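Input: a single structure, listed below in structure tokens.
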Amino acid sequence: MTRMIKVAAVSLSLALAAAGCGNFLTGDKLTNDPNNPSQATALQLFLGVQSNMFSAQENTVAMTVCMWMQQCMGVGGRFVDQFAHYTVNEFSWDGNWFQVYTGGGLVDLRKIEATERTAGDSVFLGIAKIWEAFDMGVAADLWGDVPYTDAVGSNPTPGLDAQASVYAAVQTLLSEAITELSSGQGPGPLGADLVYECDTSLAKRARWIAVAHTLKARFLLHTIEANPGTKATIYGNAITEANSGIASPAGDLLAFHSPATSERNIWYQFQTTTFGQDVVAVKALVDIMKARSDPRLPEYFGVNGGGGYGGEDPNVPQPGDSVSPLSGSLRMCPTPSSCGAFRQPLVTYQENELILAEAYNQTSQDVLALQHLNNARAVPGLPGPLVGITGAALLDSIMTEKYVTLFENIEVWNDYRRMCIPALTPFNTGSVNPIWRGKIPGRLYYSGSEMNVNPNIPGPSTQVATNGFRNPDDTADCP
């Protein structure tokens, strides 16, 4: 676990902008000589942590999920293999694994937490705990059982903590974070907070508290499939948390980006490279959006050769693996010229409303479920409101809306594995990769580099043979 990786650099201009947001001569800032530094300060580490977290939510894993969930489609180079044949291995997400732990990950978060605990800055400590919970919760989503208890420290070969115990620890961390932030002790990270920037008021702490509640609700949903006997209780707890969650789009947790080359949105950076047209619009998502006159179509996709919107059909291969003239390019914001600065949504009011909608529907409270679905639909300006929908039809509308809303967001994979909505047709791998049994893969391979040095990591064949290559919380394949 000691291997270091490179994370996206934070530019000097960004750091200087942060320095202009308040008085940094407090706590550890006062006792460190900036002209003779012996180690990075908590603020410096925090900038790196956020940059790493934003990158982890937008890079290779996010692109894999986008393709596997048929929100986009690989049509060129390695993307064809990853999408069309699910040709992946233990080195496909090596860097993503180490982002969880090393530079800008859990190791640095623990340093920040120790520093701010000593300094008595409960606000900073609470925010750091939220990022740790987000980091490890997503790791459990992607790999299931992961190193956590012994991941930071002297043990070079930490064992795997059960996925359920990681989720439980995440809930504890988020509860602690809410308590820390509620105390109001300390200035917090001030302008080094790239999400809510220079706001040092009570409102800023309230925003982070709301994020913690939404994340608690999100990760509670991830435990439902493995705990059918307590399903109603879990949904009830999710309702309680989400009712204290993000209450408007102004509270959304958005990744920081700017037009500066080193700070641009990673999806935009990819689209502007020579590989940009290797990933395009896909039929499943485009058809859903066209059928409901979704105003987000021009935000998500460019027009095709005929001047309209269309997507590639993975089960209708083009001659020579060429791109159909009916498919459009990827896009992620309303104005293409400003997409480099587009702040990628990570945890949002719309997600919170849709968590409430699902939870109320699954606890026989369809009137409230429909209300929260309509709240989410109102944000992009969808036609409506919807009326008179109940039961399974309402659940389908809720999960379909979440599928569309969480475009390019890793969380959409968790929803699909839990609810199997919308119905996606796996690519027919035939004799190319029969190990997938005609199913969309249910998890990621562990890091091959970690596997080479840590005997606690099972080999690829063992992973494939365990639970149908699904994580413990995912008890059954989607049809």
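The values are calculated or read from the model by the stated rules, or taken from the named source; none is laboratory data. None of these values were measured; they are calculated from a predicted model. Ideal geometry is used to build each Cβ from the backbone, glycine not excepted, and the neighbour counts take in all protein chains shown. The protein model used for the area step is the full one, side chains on, heavy atoms only, and it has no ligands, DNA or RNA in it. Shrake-Rupley method; radii C 1.70, N 1.55, O 1.52, S 1.80 Å.
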(message) Condition check: β-branched (Val, Ile, Thr), in contact with a helix residue (DSSP H, G or I) (Cβ under 9 Å, 6 or more places away or on another chain) and at pLDDT below 90. Does Thr348 satisfy that?
(response) no
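Conditions (1) within 22 Å of the chain's Cα centre (by Cα); (2) open to solvent by less than 50 Å² (accessible area, probe 1.4 Å); (3) of a type in the set (D, E, K, R), marked per residue:
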{"site": "Lys216", "(1), (2), (3)": "yes, yes, yes"}
{"site": "Ile224", "(1), (2), (3)": "yes, yes, no"}
{"site": "Asn227", "(1), (2), (3)": "no, no, no"}
{"site": "Pro259", "(1), (2), (3)": "no, no, no"}
{"site": "Thr273", "(1), (2), (3)": "no, no, no"}
{"site": "Asp278", "(1), (2), (3)": "no, yes, yes"}
{"site": "Asn304", "(1), (2), (3)": "no, yes, no"}
(message) I'd like to know if region 191-209 contains one or more residues that are within 24 Å of Pro460 (Cβ to Cβ), open to solvent by 10 Å² or more (accessible area, probe 1.4 Å) and of a type in the set (A, V, I, L, M).
(response) no
(message) For Lys439, only one of the following conditions fails: (1) open to solvent by 20 Å² or more (accessible area, probe 1.4 Å); (2) of a type in the set (Lys, Arg); (3) in a helix (DSSP H, G or I). What is its number?
(response) (3)
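Determine whether Gly153 is in a helix (DSSP H, G or I) and either open to solvent by 10 Å² or more (accessible area, probe 1.4 Å) or closer than 25 Å to Ile112 by Cβ (or both).
Against the criterion (in a helix (DSSP H, G or I) and either open to solvent by 10 Å² or more (accessible area, probe 1.4 Å) or closer than 25 Å to Ile112 by Cβ (or both)), Gly153 does not qualify.
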(request) Keeping to region 280-318, report how many residues are closer than 16 Å to Gly77 by Cβ and at pLDDT 85 or above. (result) 1
(request) Kindly provide the set of residues from region 156-172 that are open to solvent by less than 20 Å² (accessible area, probe 1.4 Å) and either within 19 Å of the chain's Cα centre (by Cα) or over 21 Å from Met451 (Cβ atoms) (or both), ordered by number. (result) Gln163, Val166, Tyr167, Val170
(message) Please determine whether any residue of region 155-166 is closer than 20 Å to Glu241 by Cα and β-branched (Val, Ile, Thr).
(response) yes
(message) Any residue in region 113-135 that is closer than 16 Å to Arg207 by Cβ and touching a residue at least 12 places away in the same chain (Cβ under 8 Å) sitting within a Cβ distance under 6 Å of a residue that is among the aromatic types (Phe, Trp, Tyr) and open to solvent by less than 10 Å² (accessible area, probe 1.4 Å)? List the pairs, counting only those 6 or more apart or interchain.
(response) Ile127/Trp208
(request) Could you give me the residue pairs with C-beta distances under 9 Å whose first residue belongs to region 213-235 and is in contact (Cβ under 8 Å) with a residue 40 or more places away in the chain and part of a loop (DSSP other than H, G, I, E, B), whose second residue is of a type in the set (Ser, Thr, Tyr) and open to solvent by 40 Å² or more (accessible area, probe 1.4 Å) wherever it lies, and which are 6+ apart or on separate chains? (result) Thr223/Thr230; Ile224/Thr230; Glu225/Thr475; Ala226/Thr475
(request) Could you tell me which residue of region 340-384 is nearest to Gln271 (Cα to Cα), considering only residues that are among the aromatic types (Phe, Trp, Tyr) and in a helix (DSSP H, G or I)? (result) Tyr349
(request) Exactly one condition in (1) farther than 30 Å from Pro156 by Cα; (2) out of contact with any Leu (no Cβ under 9 Å at 6 or more places or on another chain); (3) open to solvent by less than 40 Å² (accessible area, probe 1.4 Å); (4) in contact (Cβ under 8 Å) with a residue 40 or more places away in the chain is not met by Ser447; state its number. (result) (1)
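For region 364-403, give me the residue count where each residue is β-branched (Val, Ile, Thr), open to solvent by 10 Å² or more (accessible area, probe 1.4 Å) and under 26 Å from the mean Cα position of the chain (by Cα).
2
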(request) Quick one: in region 229-256, of everything that is small (Gly, Ala, Ser) and open to solvent by less than 20 Å² (accessible area, probe 1.4 Å), which residue is nearest to Ala177 (Cα to Cα)? (result) Gly245
(request) Output the residue which, of all residues in region 319-338 that are open to solvent by less than 60 Å² (accessible area, probe 1.4 Å) and within 17 Å of Gln70 (Cα to Cα), is modelled with the lowest pLDDT. (result) Ser324
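Take the residues in region 42-70 that are aromatic (Phe, Trp, Tyr) and over 26 Å from Lys283 (Cα atoms), then tell me which one is farthest from the chain's Cα centre (by Cα). Spell out how you get there, then give the answer.
Taking region 42-70 first, the residues aromatic (Phe, Trp, Tyr) are 46, 54, 68.
Now narrow it down to the ones that are over 26 Å from Lys283 (Cα atoms): 46, 54.
Working: Phe46: 19, Phe54: 9 Å.
By that ranking, first place goes to Phe46.
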(request) Exactly one condition in (1) open to solvent by 30 Å² or more (accessible area, probe 1.4 Å); (2) under 25 Å from the mean Cα position of the chain (by Cα) is not met by Pro455; state its number. (result) (2)
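Just to be sure, is Gln44 in a helix (DSSP H, G or I), at pLDDT 75 or above, more than 30 Å from Gln277 (Cβ to Cβ) and open to solvent by 10 Å² or more (accessible area, probe 1.4 Å)?
yes
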(request) Please determine, by comparing only the residues of region 280-302 that are of a type in the set (Gly, Ala, Ser) and either open to solvent by less than 20 Å² (accessible area, probe 1.4 Å) or touching a strand residue (DSSP E or B) at 6+ places or on another chain (Cβ under 8 Å) (or both), which one is farthest from Met399 (Cα to Cα). (result) Gly302
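Just give me the residues in region 122-147 being more than 23 Å from Thr348 (Cβ to Cβ), of a type in the set (Asp, Glu) and open to solvent by less than 10 Å² (accessible area, probe 1.4 Å), in sequence order. It would help to see each step written out before you state the result.
Looking only at region 122-147, we keep the residues that are more than 23 Å from Thr348 (Cβ to Cβ), and these are 122, 124-125, 143-147.
Still in the list and also of a type in the set (Asp, Glu): 145.
Correct list: empty.
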(request) Run His257 past the list (1) over 19 Å from Ala376 (Cβ atoms); (2) modelled with pLDDT of 95 or more and report the number of the one that doesn't hold. (result) (2)
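Specify the residue that is nearest to Leu444 (Cα to Cα); the eligible residues are those in region 173-186 that are open to solvent by 10 Å² or more (accessible area, probe 1.4 Å) and assigned to a helix (DSSP H, G or I).
That would be Leu173.
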